[in-house]
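So the structure is just underneath, and the comments pick up after that.
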Amino acid sequence: MCGIVAAVAQRDVAPILIEGLKALEYRGYDSAGVAVLGPGAIQRVRAKGKVRELEERYRLNPFAGGTGIAHTRWATHGAPSEENAHPHVAGTVAVVHNGIIENHAELRAELQAKGRTFTSETDTEVIAHLIDEAMRGGLGLRDAALTALRRLEGAYAIAAVSLTEPGHVVGARRGSPLVVGIGIGEHFLGSDVQALIKVTNRVVYLDEGDVVEIERDRYQVYTADGRPVERTVHESELSADAVERGEYRHYMLKEIFEQPRAVADTLEGRLGPRGVLPNIFGIDAETLLKRVRGVHIVACGTSYHAGSVARYWIEGLAHLPVCVEVASEYRYRDVVVPPDTLFVAISQSGETADTLAALRESRKRGYLGTFAVCNVPESSLVREADLVLMTRAGPEIGVASTKAFTTQLAALGLLTLELARLNGAPTEKCQRLCAELASLPRVLEQALQLEPTIAKLAERFVGKHHALFLGRGAHYPVAQEGALKLKEISYIHAEAYPAGELKHGPLALVDEDMPVIAVAPNNQLLEKLKSNLEEVRARGGELYVFADHEVTLPPNGGRGELVKLDAGGNLIAAAAFTVPLQLLAYHVAVLKGTDVDQPRNLAKSVTVE
């Protein structure tokens, strides 16, 4: 959830580290800090709040040095404060850390019994003390870090430096990502490639359990038991422009408007006029997929909503039973796995802690195979799944996910069509649905043209404190996603219900202060939905309906609005209706003056349980 940057170079590294933190601020932004090794001292500056607060403090009192570490924090242990901000220092050692150390309390008590003094409430500080303790016993930084890491229970990515070994940084990962950046006469560490893209595009993705030591002119990766090992060097295709806002006011708006291109990229080279192209899920994927007799989908947050949409598709088109579950719940119950069930994990980052743990747990439960839908090629999820389909969304900086969701729907559409074909769906029907899926980028472009209308509509929500979203069938998860977007960035309490459940409780909430937002595609459930909407009208509710252009609805006496769009067909309508709901949440948040890209209490990549 937090961001790490580290560097060893001939030049002063503090400005590089701060720039890297800016690129990682979507991962955590309640405090930030930098530590650089200077002559005889660890030079450190920390600040509560965003990276700009840290940058201002550094500019008032700059310091030089070619070895340093930096961090932007999303609080897990201890409130946001300067004292709890990383890097943490113990003796000659400074450490930054992502993740959660589950046995930190026992380790703290043990270290305090030895006379060690702690200055923060964090779990991270114990790591600095453990490394310093080992170094005082005669070990070098790398061996001291290996010794300390063996004591830790939980998840981590760390970077550590010591005054006794200038020109060295040691990093390690278990359950949280870390990459090495390779420069000319300089090397870097980052929790994300985006932190390093301005200084290098050559990176090494560390495997689970890896430890790395970087110097100016070399780096070496080690296994958890200290054996040297080689890891592949990759050239990242990410450009610096891809993580800039450009002409857009916020990253979220930029990413909403990037959806047609991101979806087109996700479908490119994978969809032909007659169906899904061979081997897009991996060599011999067809052999495995032919055997599938059921599907379990596991994900978190927005990815869970994408999986919930796919449930309707797979059951309706491939006629296979589908179970969709929140990853954090899946891990802690006895799951019944029928024979020949495919495990599908969905994650934007591929490092989502609960989803990754669920994938690993699935290997013990007798699934036919595992399938990952993900946006990061070298992520843990991608490396560990049997079959993979990348979403090609590009970097998504806004915490509230937008293009990740629609590209996940596109990818899951491809999986659905392949399962439908393998389970005997008529060829003509498969070809028609392939053509419909191929038209999705155009349909999304048309939906984006509604922005001026929705920006005006948003003015009616600024004074509201609650909202109710309704949908039926595959559009119930779309309503859930719309409610999530509104609550994430505008802080308006929003709930979503299947429209048919309205009379079973939520109708009690409907009055002139509770806007009701409904999704109305032109499908077999439309007449049922109209009856549900009449229940709202009859009680004087303020009704906002996003409807297919072919749908007709009676007026609501000026209380609400009907917004029409071309949803493009039953398969892709879920993605089409998502766009106006994203725009509604965005413009409401802008009018309320909230932090759209970095909403309070949230972080982009949830790499802790």
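Any read-out appearing in this document is the output of simple, stated calculations on the displayed coordinates, not a laboratory observation. Here the structure is a predicted model, which is why all the values come from computation and not from measurement. Note that each Cβ is placed from the backbone with ideal geometry, even for glycine, and that neighbours are counted across all protein chains shown.
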Problem - Length released on extending from Glu512 to His465, taking residue separation times 0.36 nm less the Cα-Cα span - result: 15.7 nm
Handout entry: DSSP-assigned coil residues among GluC sites (Glu not before Pro) in region 218-315, each with at most 15 further Cβ atoms within 10 Å
Key = Glu230, Glu237, Glu244, Glu247, Glu268
Practice task
Counting only C-alpha contacts under 8 Å and six or more residues apart, can you give the relative contact order of the chain as a whole percent?
Solution key: 12 percent
Handout entry: For the chain, share of DSSP beta bridges that run antiparallel, in % to the nearest 5
Key = 60 percent
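Taking 0.36 nm per residue of separation and subtracting the Cα-Cα distance, what length does fully extending Thr427 through Arg151 add?
93.6 nm
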Exercise for the section: Name the long-range amide H neighbours of Leu189: under 5 Å, sequence gap of 5 or more, or other chain; modelled H, no Pro or chain starts. Expected result: Ala6, Ala7, Gly181
Completion exercise
Plugging the Cβ-Cβ distance of Arg442 and Gln112 into 1/(1 + (r/R0)^6) at R0 = 45 Å yields, to the nearest 0.05, a FRET efficiency of 0.10
Handout entry: Val212 long-range amide H proximity, modeled H, under 5 Å
Key = Gly171, Ala172, Tyr222
Handout entry: His493-Asp225 FRET efficiency (beta carbon distance; Förster radius 51 Å; 0.05 resolution)
Key = 0.50
Handout entry: Counted charge near Gly137, where neighbours are those whose Cβ lies closer than 13 Å (Asp, Glu -1; Lys, Arg +1)
Key = -1
Handout entry: region 256-349: chymotrypsin sites (Phe, Trp or Tyr not before Pro) in DSSP coil with no more than 13 other Cβ atoms inside 10 Å
Key = Tyr332
Exercise for the section: Work out from phi, with θ = phi - 60° and the Karplus expression 6.51 cos²θ - 1.76 cosθ + 1.60, the ³J(HN,Hα) of each residue of region 484-489, listed in order in whole Hz, and give x for Gly and Pro. Expected result: 4, 4, 5, 6, 4, 10
Exercise for the section: Take the eigenvalues of the Cα gyration tensor for region 3-242, scale each by 5, and report the square roots as semi-axes in whole Å, largest first. Expected result: 24, 21, 17
Problem - 0 to 90° range, to nearest 10: angle between helix 14-23 axis and the chain longest Cα axis - result: 20 degrees
Problem - Nearest 10 degrees, 0 to 90: helix 51-60 Cα axis against the chain principal axis - result: 30 degrees
Problem - Relative contact order (%) - region 243-388, alpha-carbon pairs under 8 angstrom, separation at least six - result: 20 percent
Exercise for the section: Grab the beta carbon distance between Asp334 and Gln524, set R0 = 22 Å, and tell me the FRET efficiency rounded to 0.05. Expected result: 0.05
Practice task
For region 3-242, give the magnitude of the charge dipole about the Cα centre (Cβ charges: +1 Lys/Arg, -1 Asp/Glu; no others), in debye to the nearest 20.
Solution key: 400 debye
Practice task
Starting at the first residue of region 86-98, write each ³J(HN,Hα) from the Karplus equation 6.51 cos²θ - 1.76 cosθ + 1.60 with θ = phi - 60°, in whole Hz, x for Gly and Pro.
Solution key: 7, x, 9, 10, 9, x, 9, 10, 10, 9, 10, 8, 10
Completion exercise
Measuring from the longest principal axis of the C-alpha atoms of the chain, the long axis of helix 104-113 (C-alpha) lies at a number of degrees, nearest 10, equal to 20 degrees
Completion exercise
Distance in nm between Ala435 and Thr119 label points, each 7 Å along Cα→Cβ, equals 7.0 nm
Completion exercise
The extension gain from Arg249 to Gln449, computed as 0.36 nm times the residue separation minus the Cα-Cα distance, is 70.3 nm
Handout entry: Integer Hz, Karplus 6.51/-1.76/1.60 couplings in order for region 397-410, x for Gly and Pro
Key = 8, x, 4, 6, 5, 10, 5, 4, 5, 5, 6, 5, 4, 4
Handout entry: Sum of -39500 (n - 2.57) over DSSP H runs of 4+, divided by residues of the chain (222 nm, nearest 500)
Key = -10000 deg cm²/dmol
Practice task
Output the pairs from Lys456/Lys592; Lys50/Lys464; Lys198/Lys403; Lys456/Lys564 with a Cα-Cα distance over 19 Å in this structure; if there are none, say none.
Solution key: Lys50/Lys464; Lys198/Lys403
Fill in the blank from the handout: Those trypsin sites (Lys or Arg not before Pro) from region 293-386 that are DSSP loop and have at most 15 other Cβ neighbours within 10 Å turn out to be Arg293, Arg333, Arg363, Lys364, Arg365
